[in-house]
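Novice: Below: one structure in structure tokens.
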Protein chains: 2
Amino acid sequence: MNSIKVAILGFGTVGEGVYRTVETHQEELAAVLGKKVEVVAILIKNKQKDRGIGNEVLVTDDFEEIMHLPQLDVIVEAIVGREPAFTYLQRSIQKGGHVITANKEMFAYHGEELKKLAEAHRVSVGFEATVAGGVPVIQTIQQLLNINRIKKIEGILNGTSNYILSEMRVNGQTFPEALKAAQDKGYAEADPTNDVEGFDAFYKLLILSEIAFGEKPVWESVPREGISSITEEQITQAENLGLRFKLIASIQLDGEKVIGSVRPTLVTESHPLFNIEGVENSVSIEGDIVGRITLQGPGAGMLPTASAVIEDLIHAVLETKLPEAEGTRRRSLHASRDQNRVQNWLIMPQGEVSLHRIPSSSVTEIESGYFLQANEQEISALRRQNRSASIFEVLGDYAVEKTVKVYL
Amino acid sequence: MNSIKVAILGFGTVGEGVYRTVETHQEELAAVLGKKVEVVAILIKNKQKDRGIGNEVLVTDDFEEIMHLPQLDVIVEAIVGREPAFTYLQRSIQKGGHVITANKEMFAYHGEELKKLAEAHRVSVGFEATVAGGVPVIQTIQQLLNINRIKKIEGILNGTSNYILSEMRVNGQTFPEALKAAQDKGYAEADPTNDVEGFDAFYKLLILSEIAFGEKPVWESVPREGISSITEEQITQAENLGLRFKLIASIQLDGEKVIGSVRPTLVTESHPLFNIEGVENSVSIEGDIVGRITLQGPGAGMLPTASAVIEDLIHAVLETKLPEAEGTRRRSLHASRDQNRVQNWLIMPQGEVSLHRIPSSSVTEIESGYFLQANEQEISALRRQNRSASIFEVLGDYAVEKTVKVYL
């Protein structure tokens, strides 16, 4: 029987997960594909280390050796960082192999180039594993896009940050304590910057924006804020108001512009992301026809991510990928502009707060601060006037009703 | 330009939604399909009623007229009940048309026959709209199945029941009051039996079982219980324990058998279905590799359901449907049997309760009853001994920990 030859670049958590899953699921793969799947080569950094890889597999630290294999159908890339991953995938595509990547940073920056190159060489690019691990976010958005115009995407895309915020809330820990707990459990790396300062969520947001809206926001203009400055007092105050802190990555159409942000946000109980706790990921997608669809599941981990990679592999081999819905995407960029969109905010002051220029009818004073309705411009001005105050957006519709009832 | 000719059978909420969406989304459809989509015929019951349907569309109460159209590529069926829908779809397939149905009762009983017939005639059967409206449950399960063995599916599949339970909890209403509210809002029909007694959820469960496990449970053996006997006192008692009532449809492998139930169940805050309120639907799927994935969204309504139908239409025309993962499905039926699976239960007694044969180490007494760990056989015995007590399964892992801490 003819077989599908696969090379895996990188043998960290994801690379190893793919290798093990292919080994243990030979029968399932043969049933779906009508062919055996064989991992023929693995690119590693250190050839000396024993990794329990079968002898029939070429284990090498030299990418050229892999490029010289006589047959190579699919290249799975599970390295970290933009280079050499991008170069390797360009080479792989030029050689005629389907590529599948789990590398969000590389794909956030070079995804479109890779897709164009792949189109020219009539191979496919799979990237389901770059966002939310095993949760089929990419596929669901692409499917919805065939008929829906996507209006907004909101997600909890970084499991490490979500775990830390959950720990702080449930166990009353400080940020350093909860970070330490995350590191002890293997959820956070020794240098946690990428996760807790919002970079990881930001890369994923760029990937989602590209598929949903056909363009990325102007990168420099995207507010990217992490969770390291959230205090346990703020979490307690929020909880007393029925609110929870989440690191929300959000992206939406505002007229012809795509606007996005990654920042700690307060969510009310009515919001679908309220109850996402621990290392879970979740993405909420609003389409003009279907309404709001929310997906939730394990955002990382060896096997969930491997599951996403192998689903991509099956689509690549069977050529069952939906064409990208260019028409729908580009059209959505002509919706009417709404620059003065008013949102809900909570101000947690330290000392006096100046609410200069915000009409008092939009402000509700509460014990621990103020709720208010304002647009982003007004909030920027408020931030400049009140440098020591913390101001958070509030998602969901519980808070305003509640405070209006209670305090007016 | 060549066009795709579509007939719609039935012009209720779903049929009309499909017609309107095709009309308003011509450009998107043409972009994706490379062809125009034309609704050429609509089958209605009463020809006299004005429905705002364009003059170019054949509006008829005679199915034969539709069968005699010279070209017909896709038939969308949105009628209620098993017949004549099943016969119409058989005829449509035999004539070489792709069929798409939103009719859960018909598909629960005749789905496999239709799929086989369609295979023989090399056309496709779309049924995404039969379960959870616009939420892409069917597609996600089929996708996961390519590599995962599905272990369990739990869902809130009936929006009407969920709305009623939410109203009872949030507004302290009785069942009749909340049912009336649902009827006033158009969420429940004049005869609500189908929704509130669990039949609607049961049909959907059969459809999910068929795709996930390749077989249905023995129908007569499936406990199907509705929500009409839940009292507002029980809801309050549950809430005091941090639990919520949900009408849960669940299906899972137990050795080589597929076991399922539709019944009011208590869920803890840690469970992904805890926070699903109002008319929302949600399905939680456990795969052996991917872990637990949960989808949530509008389970009914004109446009969400139309979105699901039109996604099926696109797959049918582009032939991008994944093959059904027979191998994976059938294999899962050989997992090891676990007949004595112990679950968590809450007993809400009326008067004395006899806990005969349940070891006391499994029982925790609380103010309003008992928590206990037991298997289904033991619970059946308990129910026979205590006819006036209500016994509910508890899903999620909060309750037991909590009560052990609080009461022991």
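Novice: Evaluate the following for B:GLY97: is it crowded, with 22+ Cβ neighbours inside 10 Å and either more than 24 Å from B:PRO304 (Cβ to Cβ) or assigned by TED's automatic domain parsing to the domain that holds B:PRO70 (or both)? Give the steps one after another, and end with the answer.
Specialist: On the way: crowded, with 22+ Cβ neighbours inside 10 Å: yes; either more than 24 Å from B:PRO304 (Cβ to Cβ) or assigned by TED's automatic domain parsing to the domain that holds B:PRO70 (or both): yes.
When the stated conditions are applied, B:GLY97 passes them.
Novice: Which is in a loop (DSSP other than H, G, I, E, B) and either surrounded by 22 or more Cβ atoms within 10 Å (Cβ to Cβ) or hydrophobic (A, V, I, L, M, F, W, C) (or both), of B:VAL135, B:VAL170?
Specialist: Going through B:VAL135, B:VAL170 in turn, the sole match is B:VAL135.
Novice: Search segment B:269-278 for residues being crowded, with 21+ Cβ neighbours inside 10 Å and more than 7 Å from chain A (Cβ to nearest Cβ), and hand back the single one that is farthest from the chain's Cα centre (by Cα). Lay out the reasoning, then the answer.
Specialist: From segment B:269-278, those crowded, with 21+ Cβ neighbours inside 10 Å are B:271-273, B:276; that's our starting set.
Then drop every residue that is not more than 7 Å from chain A (Cβ to nearest Cβ), which leaves B:271, B:273, B:276.
Details: B:HIS271: 18, B:LEU273: 14, B:ILE276: 14 Å.
Within segment B:269-278, the match that is farthest from the chain's Cα centre (by Cα) is B:HIS271.
Novice: Give the residue, chosen from B:ILE100, B:ILE150, that is in contact with a strand residue (DSSP E or B) (Cβ under 6 Å, 6 or more places away or on another chain), at pLDDT 95 or above and within 14 Å of chain A (Cβ to nearest Cβ). Talk me through it step by step, then tell me what you get.
Specialist: Values: B:ILE150 fails: at pLDDT 95 or above.
Only one candidate passes the filter, namely B:ILE100.
Novice: If the Cβ limit is 8 Å and pairs must be 6+ apart or interchain, which residue in segment A:355-370 that is within 21 Å of A:GLN234 (Cβ to Cβ) and at pLDDT 85 or above pairs with which residue that is assigned to a loop (DSSP other than H, G, I, E, B) and not hydrophobic (A, V, I, L, M, F, W, C)?
Specialist: Listed pairs, sorted by first residue: A:GLY369/A:PRO349; A:TYR370/A:PRO349.
Novice: B:VAL353: aliphatic (A, V, I, L, M) and under 23 Å from B:ILE156 (Cβ atoms), yes or no? Write out each step before concluding.
Specialist: Numbers: aliphatic (A, V, I, L, M): yes; under 23 Å from B:ILE156 (Cβ atoms): no.
Here the answer is no, as B:VAL353 does not meet what is asked.
Novice: Also: Whether any residue in segment B:317-337 is within 9 Å of chain A (Cβ to nearest Cβ) and at pLDDT 85 or above is what I want to check.
Specialist: yes
Novice: Do we find that B:VAL353 is outside the structural domain of B:GLY255 (by TED's automatic domain parsing) and part of a strand (DSSP E or B) in this structure? Before you say what the answer is, go through the steps one by one.
Specialist: Numbers: outside the structural domain of B:GLY255 (by TED's automatic domain parsing): yes; part of a strand (DSSP E or B): no.
So B:VAL353 does not fit the description; no.
Novice: Find all pairs meeting these conditions: Cβ atoms under 7 angstrom apart; at least six residues apart or on different chains; first residue within segment A:231-243 and farther than 16 Å from A:ASN344 by Cβ and touching a residue at least 60 places away in the same chain (Cβ under 8 Å); second residue in a loop (DSSP other than H, G, I, E, B) and among the β-branched types (Val, Ile, Thr).
Specialist: A:GLU232/A:THR174
Novice: Give segment B:66-91 a look and list any residue that's surrounded by 14 or more Cβ atoms within 10 Å (Cβ to Cβ) and among the acidic types (Asp, Glu), or say none.
Specialist: At the first step, the residues of segment B:66-91 found to be surrounded by 14 or more Cβ atoms within 10 Å (Cβ to Cβ) are B:66-67, B:69, B:72-80, B:82, B:84-86, B:88-91.
Those that are surrounded by 14 or more Cβ atoms within 10 Å (Cβ to Cβ) and among the acidic types (Asp, Glu): B:ASP73, B:GLU77.
Novice: B:ALA178 - would you say it is surrounded by 22 or more Cβ atoms within 10 Å (Cβ to Cβ) and either under 19 Å from the mean Cα position of the chain (by Cα) or of a type in the set (Asp, Glu) (or both)?
Specialist: On the way: surrounded by 22 or more Cβ atoms within 10 Å (Cβ to Cβ): yes; either under 19 Å from the mean Cα position of the chain (by Cα) or of a type in the set (Asp, Glu) (or both): no.
It is false that B:ALA178 is surrounded by 22 or more Cβ atoms within 10 Å (Cβ to Cβ) and either under 19 Å from the mean Cα position of the chain (by Cα) or of a type in the set (Asp, Glu) (or both).
Conditions tested, residue by residue: (1) more than 30 Å from the chain's Cα centre (by Cα); (2) of a type in the set (Gly, Ala, Ser); (3) more than 26 Å from A:TYR203 (Cα to Cα).
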{"residue": "A:VAL18", "(1), (2), (3)": "no, no, no"}
{"residue": "A:VAL22", "(1), (2), (3)": "no, no, yes"}
{"residue": "A:ALA31", "(1), (2), (3)": "yes, yes, yes"}
{"residue": "A:ALA41", "(1), (2), (3)": "no, yes, yes"}
{"residue": "A:ILE53", "(1), (2), (3)": "yes, no, yes"}
{"residue": "A:LEU58", "(1), (2), (3)": "yes, no, yes"}
{"residue": "A:MET67", "(1), (2), (3)": "yes, no, yes"}
{"residue": "A:ILE79", "(1), (2), (3)": "no, no, no"}
{"residue": "A:ILE93", "(1), (2), (3)": "no, no, no"}
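Novice: If you take the residues of segment B:19-34 that are modelled with pLDDT of 90 or more and within 16 Å of B:ASP312 (Cβ to Cβ), which of them is surrounded by the most Cβ atoms within 10 Å (Cβ to Cβ)?
Specialist: B:LEU29
Novice: Scan segment A:293-308 and give yes if some residue there is touching a strand residue (DSSP E or B) at 6+ places or on another chain (Cβ under 7 Å), part of a loop (DSSP other than H, G, I, E, B) and either facing chain B (nearest Cβ under 10 Å) or buried (at least 20 other Cβ atoms within 10 Å of the Cβ) (or both), otherwise no.
Specialist: yes
Novice: Hey, among the residues in segment B:1-33 that are charged (D, E, K, R) and more than 23 Å from B:GLU65 (Cβ to Cβ), which one's farthest from the other protein chains (Cβ to nearest Cβ)?
Specialist: Of segment B:1-33, the ones charged (D, E, K, R) are B:5, B:16, B:20, B:23, B:27-28.
Subset that is more than 23 Å from B:GLU65 (Cβ to Cβ): B:27-28.
Values: B:GLU27: 7, B:GLU28: 5 Å.
The qualifying residue farthest from the other protein chains (Cβ to nearest Cβ) is B:GLU27.
Novice: Here's a follow-up. What are the residue pairs meeting all of these: first residue in segment B:381-397, first residue more than 24 Å from B:GLY242 (Cα to Cα), second residue in a loop (DSSP other than H, G, I, E, B) and of a type in the set (Val, Ile, Thr), Cβ atoms under 6 Å, and 6 or more apart or on different chains?
Specialist: B:ASN386/B:VAL353
Novice: Filter segment A:103-132 down to residues that are of a type in the set (A, V, I, L, M) and assigned to a helix (DSSP H, G or I) and give me whichever is nearest to the other protein chains (Cβ to nearest Cβ).
Specialist: Start the filter on segment A:103-132 by keeping residues that are of a type in the set (A, V, I, L, M), which leaves A:106, A:108, A:114, A:117-118, A:120, A:123, A:125, A:129, A:131-132.
Going one step further and asking which of them are assigned to a helix (DSSP H, G or I), we end up with A:106, A:108, A:114, A:117-118, A:120, A:129.
Numbers: A:MET106: 23, A:ALA108: 23, A:LEU114: 21, A:LEU117: 22, A:ALA118: 17, A:ALA120: 20, A:ALA129: 11 Å.
Top of the filtered list is A:ALA129.
Novice: Next question, about the same structure. Can you list residue pairs whose Cβ atoms sit under 6 Å apart, with the first residue in segment B:255-270 being not assigned by TED's automatic domain parsing to the domain that holds B:TRP219 and the second being in a strand (DSSP E or B)? Count only pairs 6 or more apart in sequence or on different chains.
Specialist: Listed by first residue and then by second, the contacts come to nothing, as the list is empty.
Novice: Among the residues of segment B:138-147, which ones are more than 7 Å from every other protein chain (Cβ to nearest Cβ) and surrounded by fewer than 24 Cβ atoms within 10 Å (Cβ to Cβ)?
Specialist: The answer is B:ILE138, B:ILE141, B:GLN142.
Novice: Looking at (1) under 16 Å from the mean Cα position of the chain (by Cα); (2) surrounded by fewer than 21 Cβ atoms within 10 Å (Cβ to Cβ), which is the only condition A:GLY159 fails?
Specialist: Just one mismatch for A:GLY159, condition (2).
Novice: Out of curiosity, is A:ASP288 over 16 Å from the mean Cα position of the chain (by Cα) and either surrounded by 24 or more Cβ atoms within 10 Å (Cβ to Cβ) or closer than 20 Å to A:ILE207 by Cβ (or both)? Let's see the steps before the verdict.
Specialist: Details: over 16 Å from the mean Cα position of the chain (by Cα): yes; either surrounded by 24 or more Cβ atoms within 10 Å (Cβ to Cβ) or closer than 20 Å to A:ILE207 by Cβ (or both): no.
No; evaluated as a whole, the condition is false for this residue.
Novice: Tell me, which strands (runs of 3 or more DSSP E) wholly within segment B:1-87 include 3 or more residues that are over 30 Å from B:PHE199 (Cα atoms)? Walk me through how you get there before you give the answer.
Specialist: On the way: elements: B:3-9, B:36-43, B:58-60, B:74-77.
Because the criterion is at least 3 residues that are over 30 Å from B:PHE199 (Cα atoms), the strands (runs of 3 or more DSSP E) in segment B:1-87 that meet it are B:3-9, B:36-43, B:58-60.
Novice: So which of B:ILE230, B:ILE276, B:ILE235 is assigned to a helix (DSSP H, G or I) and under 15 Å from B:VAL170 (Cβ atoms)? Explain how you work it out, then say what you get.
Specialist: Values: B:ILE230 fails: assigned to a helix (DSSP H, G or I); B:ILE276 fails: assigned to a helix (DSSP H, G or I).
On inspection, the qualifying residue turns out to be B:ILE235.
Novice: Based on what the data block shows, is A:GLU177 at pLDDT 95 or above, on the phi < 0 side of the Ramachandran plot and among the acidic types (Asp, Glu)? Steps first, answer last, please.
Specialist: Working: at pLDDT 95 or above: yes; on the phi < 0 side of the Ramachandran plot: yes; among the acidic types (Asp, Glu): yes.
Spelling it out, A:GLU177 is indeed at pLDDT 95 or above, on the phi < 0 side of the Ramachandran plot and among the acidic types (Asp, Glu).
The values are calculated or read from the model by the stated rules, or taken from the named source; none is laboratory data. A quick note: this is a predicted structure, and the numbers were derived from the prediction, not measured. Don't worry about glycine lacking a Cβ; one is built from the backbone with ideal geometry, like all the others, and counts go over all protein chains shown.
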